[in-house]
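S.K.: For reference, the structure I am asking about is given below.
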Amino acid sequence: MPRETLANFSIERLEILDPRGEVDANLLPDLTDPQFLRLYELLLLTRLADERALNLQREGRLGTFPSSLGQEAAQVGSAFALAPQDWVFPSFRELGVFLCLESSLPNYYRYWMGDERGQLCPPELNLFPINIAVGTHLLHAAGVAMGARYRQEPLVAVPYLGDGGTSKGDFYEALNFAGVYRLPLVAICQNNQWAISVSRRGQTATETLAQKALACGIKGIQVDGNDVLAVYQATIEALKRARSGGGATFIECETYRMSDHTTADDARRYRDSAELESWREKDPLLRMRRFLEHRGLWIEADQQAQEQALLQRIDQAVEAAEAVSPPTVEEMFRYTCHQLSSRQEEQLKECRDGRA
Amino acid sequence: MAVLNLVQAINQGLQQALIEDDRVLVFGEDVAVNGGVFRATEGLFEQFGDKRVFDTPLAESGIVGLAVGLAAYGLRPVAEIQFLGFAYAAIDQIFTHAARIRARSRGRYSCPLVIRTPYGGGIKAPELHEESSEAFFCHMPGIKVVVPSTPSNAKGLLRAAILDPDPVIYLEPTRLYRLLKEEVAEEAYITPLGQARIAQAGDQVTLLAWGSILERSLRAVRDYPVEVIDLQTLSPFDRATILASVAKTGRVLIVHEAAKTGGFGAELAATIAEEGIMSLKAPILRVTGYDVVMPLPLLEDYNLPSEQRIIDAVEELLRYS
Ligand SMILES: Cc1ncc(C[n+]2csc(CCOP(=O)(O)OP(=O)(O)O)c2C)c(N)n1
């Protein structure tokens, strides 16, 4: 009656592009030069659109805003791998995902300006609304994944979450379902090291977040989340496995939240500035730019021209967002249910007649 | 006496509870190093250390379930849920366990815990940060529901909640956190649970309210002969004070932020209909939020009862003689 080891596990980490812009040629994803350039454009667009949102918030033109500064590669790299039929379940910090999927930037701004209509999803996308409750949407992704398997459609459900989200019961329940039913689901975790003031170490005692997948019998992998090529490669592989019936994957993108949690937060209260500084060298934009330079695809002049063009696009988006007339009280009632109750009809009338 | 706002009064109440009773533990998301996202727990971690004031992983059901175990074991957990909208994730632990442990164990175990959480609208925050779902909790036997409305009663009600032998949901009106300031007695004192407070005396209309909408109601009716009753505790609520006032005024207005259908106002109206209908000169009126999902900032002002809606209802009631 011996004591024996029944199982051993290990967790893989993937890095392709280092902070100096050097790549491991063997691991380089199968992308064309225009695609590399497009990836960089999306990273830059995300950064600039995020900066603009922060400025608008300071000017009182936009409400509380969660910045994605520093997390662009995890967002763009993963979303760039998606196919048009895939279903995406964002959390609340996924500006780069929205931009990569070409969802409307004016709508994104409008949502954070406090306008319900900003959640409107373009018909050509399968994009769920921004989810404020942490980690609760992974189960919805599992549901869509199960539906897709039932209908034999080759789509993959892709929920986004943060490191804090992995502490929620719903997270475990979703991954467990994904394991039991072998669902086509790829969960993208942006481990940005902080959940408001609670550090990754305060969230879990596990060595990696990726290993949480093992308890559910699905694949878990850690990638350098500031390396857009590694994130892309890990996602493409996971999507392929999901589409071919190989089951779900949990991808931990190790990255860093360079900003405050939201504009209502002050990270200096709980976070060491040396830690922040140490991540500056790992900037996801800088290393992609260096990579493009090494490949002869990029010069300083390109940078300025592109920034100008993107800023112009952002200006137009802000203008478009602010040009919309304010929502009416009908907006408040119209989508509560398919049909208003008689009481809601009365309330709408009272509200419209300006008693408010 | 120091002049404190609501958040400072709660902070002082927590501090005194921690000093008074070493069974008291304070925990939740961001309550320790960061002092809470609204600063309600500021300085407590520094003063009492991480054994008594600690950050938890992001897991609401976990936070409340942990508190149930701690309470059953004899400690006095004061758990924070960051916003009431996130307590929905903990409803299973609140309803299935905190509320029933005493009954299920035939008195062997009890659950003297407090769940503090910011509550209510009017702060232009993102989705789920402005919920007014007090009625859900009031419907569940076995738990008490408390809503402070001023710095003074916030401190006194909090102490009473922590001393209470049963689970208490303590709903802090977020809009009031920094809006009101008043002198608050330095020493620890109790504002008893289950008792209402006459916030304005009057003899023509009885207005029932709580939390942040009470403040708005008081401003709306200050020049009217309206008796404004601050319920302070919703479950159990103070029938005697309400019925005595109704007997005097014969007219009732109930104001709450939550949706009308099934809101706590319905319970108050039904109770008055059952036990005080003979005093009534007019129908019982309710001014409430609408039956809609609490909207995002650009529309939220339309949903919350405005001063004008409250005044209109008072004038309507006064037309009945
Ligand atoms: C269920 C739930 N609890 C609490 C909150 C309040 N809250 C908003 S974001 C956040 C931290 C989230 O951390 P993480 O999942 O790591 O994502 P990040 O903010 O780092 O992107 C908290 C506690 C919430 N939105 N939802």
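The values are calculated or read from the model by the stated rules, or taken from the named source; none is laboratory data. Bear in mind that the values here come from a model prediction, so they are computed numbers and not experimental data. In this analysis, Cβ positions are derived from the backbone assuming ideal geometry, glycine residues included, and neighbour counts consider all displayed protein chains. Just so you know, the surface numbers come from the protein's heavy atoms only, side chains and all, with ligands and any DNA or RNA stripped out. Shrake-Rupley method; radii C 1.70, N 1.55, O 1.52, S 1.80 Å.
S.K.: If each Cα of region A:187-243 is one equal point scatterer, what is log10 of I(q)/I(0) from the Debye formula at q = 0.27 Å⁻¹?
M.R.: Result of the Debye calculation: -1.19.
S.K.: Nearest 0.05, what FRET efficiency do A:Arg117 and A:Met1 give at R0 = 51 Å with Cβ-Cβ as r?
M.R.: Working: r = 67 Å, r/R0 = 1.32.
E(calc), rounded to 0.05, equals 0.15.
S.K.: For A:Phe92, list long-range residues whose amide hydrogen, built 1.01 Å from N in the peptide plane, is under 5 Å from its own amide hydrogen.
M.R.: Amide H to amide H, under 5 Å and 5 or more residues apart or across chains, A:Phe92 pairs with A:Asn131.
S.K.: Averaged over its residues, how many other protein chain Cβ atoms are within 10 Å of peptide B:295-308's Cβ atoms?
M.R.: Taking the mean over all residues of the peptide, I get 6.
S.K.: List the longest stretch of chain B that has no exposed loop site; here a site is one of the trypsin sites (Lys or Arg not before Pro) assigned by DSSP to anything other than H, G, I, E or B, with at most 11 other Cβ within 10 Å.
M.R.: The longest uninterrupted stretch comes out as B:109-221.
S.K.: Taking every residue in B:50-61, how many Cβ atoms of other protein chains lie within 10 Å of its Cβ, on average?
M.R.: The mean count of partner-chain Cβ atoms within 10 Å per residue comes to 5.
S.K.: Please compute the average number of Cβ atoms from other chains found within 10 Å of each residue's Cβ in peptide B:254-262.
M.R.: Per residue, the number of nearby Cβ atoms from other chains is 1 on average.
S.K.: Principal axis extents for region B:146-302, Cα atoms only, whole Å, descending order, please.
M.R.: 44, 39, 34
S.K.: Once phi is turned into θ = phi - 60°, what whole-Hz ³J(HN,Hα) does the Karplus curve with 6.51, -1.76 and 1.60 give for every residue of region A:68-78, x standing for Gly and Pro?
M.R.: After applying 6.51 cos²θ - 1.76 cosθ + 1.60, I find 10, 3, x, 9, 4, 5, 4, 6, 5, x, 6 Hz.
S.K.: How would A:Met1, A:Met146, B:Met278 rank on accessible area, largest to smallest, probe 1.4 Å?
M.R.: A:Met1, B:Met278, A:Met146
S.K.: If you don't mind, there's one more thing I want to ask. How much length is gained on full extension from A:Gln339 to A:Glu124, taking 0.36 nm per residue of separation minus their Cα-Cα distance?
M.R.: Extra length from A:Gln339 to A:Glu124 when fully extended: 74.8 nm.
S.K.: Hey, rough spin-label estimate for B:Thr261 and B:Glu20, points 7 angstrom out along Cα→Cβ, what's it come to in nanometres?
M.R.: 4.3
S.K.: Quick check on the protein assembly as shown: of the DSSP beta bridges with both residues there, what percent are antiparallel, nearest 5%?
M.R.: Antiparallel bridges make up about 15 percent of those DSSP assigns within the protein assembly as shown.
S.K.: For region A:15-59 and region A:175-248, what is the separation of their C-alpha centers, rounded to whole Å?
M.R.: 21
S.K.: Using a 10 Å Cβ count of at most 11 others and DSSP loop calls, identify the longest part of chain B lacking such GluC sites (Glu not before Pro).
M.R.: My reading of the result: B:1-185 is the longest stretch.
S.K.: Percent of accessible area on chain B owned by carbon and sulfur, 1.4 Å probe?
M.R.: The computed percentage sits at 53.
S.K.: Now for a separate question. Once each part is reduced to its C-alpha centroid, what is the distance from region A:137-158 to region B:268-320 in angstrom?
M.R.: Between the Cα centres of region A:137-158 and region B:268-320 lies a distance of 45 Å.
S.K.: Between exposed chymotrypsin sites (Phe, Trp or Tyr not before Pro) in chain B, where DSSP calls loop and at most 16 other Cβ atoms lie within 10 Å, what's the longest gap?
M.R.: That would be B:190-319.
S.K.: OK, next. Report Rg (one decimal) and Dmax (nearest whole number) for region B:263-312, counting Cα atoms only, units Å.
M.R.: Calculated on Cα positions, Rg and Dmax stand at 14.0, 43 Å.
S.K.: Also: Between A:Glu346 and A:Ser278, what is the FRET efficiency for a Förster distance of 60 Å, r being their Cβ-Cβ separation, to the nearest 0.05?
M.R.: 0.50
S.K.: Another question, then. Rounded to two decimals, what is Rg over Rh for chain A when you use alpha-carbon atoms and the Kirkwood radius?
M.R.: Checking Rg against Rh, the ratio lands at 0.99.
S.K.: Now for a different question. Taking 0.36 nm per residue of sequence separation and subtracting the Cα-Cα distance, how much length would be gained by fully extending the chain between B:Ile91 and B:Ala201, in nm to one decimal?
M.R.: Working: separation 110, 0.36 × 110 = 39.60 nm, distance 3.75 nm.
Result: 35.8 nm gained on full extension.
S.K.: Right, another one. What does the charge dipole of region B:108-170 about its Cα centre add up to, to the nearest 20 debye, if the Cβ of each Lys and Arg holds +1 and the Cβ of each Asp and Glu holds -1? Before the final figure, lay out each step's value.
M.R.: Values: 6 positive and 6 negative charges, 60 e Å.
Result for region B:108-170 is approximately 280 debye, rounded to the nearest 20.
S.K.: Report the Cα centroid-to-centroid distance between region B:1-20 and region A:83-118 in angstrom, as an integer.
M.R.: The distance from the Cα centre of region B:1-20 to that of region A:83-118 comes to 42 Å.
S.K.: Working from the alpha-carbon coordinates of region A:65-208, get Rg over Rh, Rh being the Kirkwood radius.
M.R.: Answer for region A:65-208: 0.96.
S.K.: Also: Take every Cα pair under 8 Å in chain A that's 6+ residues apart, average their separations, divide by the length, and report that relative contact order as a whole percent. Don't jump to the answer; show the numbers that get you there.
M.R.: On the way: 626 pairs, mean separation 81.9, N = 356.
Relative contact order here is 23 percent.
S.K.: Something else about it: What is the Å³ per residue value for the convex hull set by the Cα atoms of region A:201-320?
M.R.: That works out to 193 Å³ per residue.
S.K.: Relative to the Cα centre, what is the charge dipole magnitude of the protein assembly as shown, using +1 at the beta carbon of each Lys and Arg, -1 at the beta carbon of each Asp and Glu, and rounding to the nearest 20 debye?
M.R.: 1660
S.K.: A further question on this structure: List the lysines whose Cα sits under 28 Å from the Cα of B:Lys281, skipping any in the same chain fewer than 8 residues away.
M.R.: A:Lys349, B:Lys248, B:Lys260
S.K.: Also: Tell me, what ³J(HN,Hα) does each residue in region B:235-245 have, in order and in whole Hz, if you take phi through Karplus 6.51 cos²θ - 1.76 cosθ + 1.60 with θ = phi - 60° and put x for Gly and Pro?
M.R.: 3J(HN,Hα) across region B:235-245, in whole Hz: 9, x, 9, 8, 5, 4, 5, 5, 5, 5, 5.
S.K.: Continuing with this model, one more query. From the backbone phi of region B:249-255, what are the Karplus-calculated ³J(HN,Hα) couplings (6.51 cos²θ - 1.76 cosθ + 1.60, θ = phi - 60°) in whole Hz, Gly and Pro given as x?
M.R.: Per residue, the Karplus-derived 3J(HN,Hα) values read 8, x, 9, 10, 10, 10, 10 Hz.
S.K.: Treating only the Cβ atoms of Lys and Arg (+1) and Asp and Glu (-1) as charged, compute the dipole magnitude of region B:51-180 about its Cα centre; round to the nearest 20 debye.
M.R.: Charge dipole, region B:51-180, about its Cα centre: 600 debye, nearest 20.
S.K.: Grab the beta carbon distance between B:Arg178 and A:Thr204, set R0 = 25 Å, and tell me the FRET efficiency rounded to 0.05.
M.R.: The formula returns an efficiency of 0.15 here.
S.K.: Now for a different question. Chains B and A: what accessible area do they bury, summed, in square angstrom to the nearest 100, with a 1.4 Å probe?
M.R.: 3200
S.K.: Could you tell me which residue out of B:Ala67, B:Tyr119, B:Gly49 lies farthest along the dipole of region B:44-119 toward its positive end? Charges go on the beta carbon: Lys and Arg +1, Asp and Glu -1, centred on the Cα centre.
M.R.: Looking along the dipole axis, the top candidate is B:Ala67.
S.K.: Starting from the 7 Å offset along Cα-to-Cβ, what nm value, one decimal, do you get for the label separation of B:Glu315 and A:Arg13?
M.R.: Roughly 7.0 nm, to one decimal.
S.K.: For chain B, what does the relative contact order come out to in percent, with C-alpha contacts under 8 Å and a separation of six or more?
M.R.: Value for chain B: 16 percent.
S.K.: Of B:Ile91, A:Ile188, which has the most accessible area and how do the rest follow, probe 1.4 Å? Display every interim value, and only then the final one.
M.R.: On the way: B:Ile91 35, A:Ile188 0 Å².
Per-residue accessible area, sorted high to low, gives B:Ile91, A:Ile188.
S.K.: Another question, then. Probe of 1.4 angstrom, ligands and nucleic acids ignored: what's the accessible area per residue over the protein assembly as shown, in square angstrom?
M.R.: Counting only protein heavy atoms, the per-residue value for the protein assembly as shown is 41 Å².
S.K.: Can you compute log10 of I(q)/I(0) for the protein assembly as shown with the Debye formula, treating each Cα as one identical point scatterer, at q = 0.09 Å⁻¹?
M.R.: Per q value, in the given order, log10 I(q)/I(0) is -0.83.
S.K.: Per DSSP H run of at least 4 residues, take -39500 (n - 2.57); add these up for the protein assembly as shown, divide by its residues and hand me the 222 nm value, nearest 500 deg cm²/dmol.
M.R.: Helix-only estimate at 222 nm: -12000 deg cm²/dmol.
S.K.: Around B:Gly263, what is the net charge, scoring Lys/Arg as +1 and Asp/Glu as -1 over all other residues with Cβ under 14 Å from its Cβ?
M.R.: It works out to a net charge of -2.
S.K.: Taking all pairs of different Cα atoms in region B:13-125, averaging 1/r and flipping that mean, what Kirkwood radius in angstroms comes out?
M.R.: 14.4
S.K.: Any idea what Rg and Dmax come out to for chain B if you just take the C-alpha atoms, in Å?
M.R.: 19.2, 61
S.K.: Collect residues whose amide H, placed 1.01 Å from N in the peptide plane, falls under 5 Å from the amide H of B:Leu207; neighbours closer than 5 in sequence don't count.
M.R.: Result for B:Leu207 returns B:Glu227, B:Val228, B:Ile229, B:Leu253.
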